[in-house]
Amino acid sequence: MPYYVTKKIKGRPYLYLQWSWREAGKVKTDNLYLAPIDHDTGEVVLPDGKTPDDIRAEIREAFLNGRNAAPPDSVEIALSRQNNPPPPT
């Protein structure tokens, strides 16, 4: 099941969708960058012209291209929470 992760890079928060799976007895993790987070308000800032549907398409493409992405159905569940991502840490 994919989940949201906030990563700080040079002090600025960014929202990623992350998922894990087991492979040969080890846990593997992959993630997909979604959008920056406004440091002051904690709100996700979609880049100009980018919509939640664009993000869904990127995730589906990653899945189809074999990035070990989560199945699209579980991604839809996570993206249904798009308007309420976790606050920056």
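Annotations
- Some residue of segment 6-27 being at pLDDT 85 or above and aromatic (Phe, Trp, Tyr): yes
- Pairs meeting the criteria (first residue in segment 16-28 and under 25 Å from PRO52 (Cβ atoms), second residue surrounded by 11 or more Cβ atoms within 10 Å (Cβ to Cβ) and of a type in the set (Asp, Glu), beta carbons under 7 Å, at least 6 apart or on different chains) are TRP19/ASP30.
- Long-range neighbours under 6 Å by Cβ, at least six apart or interchain, first residue in contact (Cβ under 8 Å) with a residue 24 or more places away in the chain and under 26 Å from ARG60 (Cα atoms) within segment 31-46, second surrounded by 15 or more Cβ atoms within 10 Å (Cβ to Cβ) and of a type in the set (S, T, N, Q): ASN31/GLN18
- ASP30 being surrounded by 12 or more Cβ atoms within 10 Å (Cβ to Cβ), under 11 Å from the mean Cα position of the chain (by Cα) and modelled with pLDDT of 80 or more: yes
- Qualifying residue in segment 60-67 (condition: at positive phi, small (Gly, Ala, Ser) and modelled with pLDDT under 80): yes
The values are calculated or read from the model by the stated rules, or taken from the named source; none is laboratory data. The shown structure was predicted, so the numbers you read here are calculated from the model rather than taken from an experiment. Using ideal geometry, Cβ is built from the backbone for each residue, glycine included, and neighbour counts are taken over all protein chains shown.
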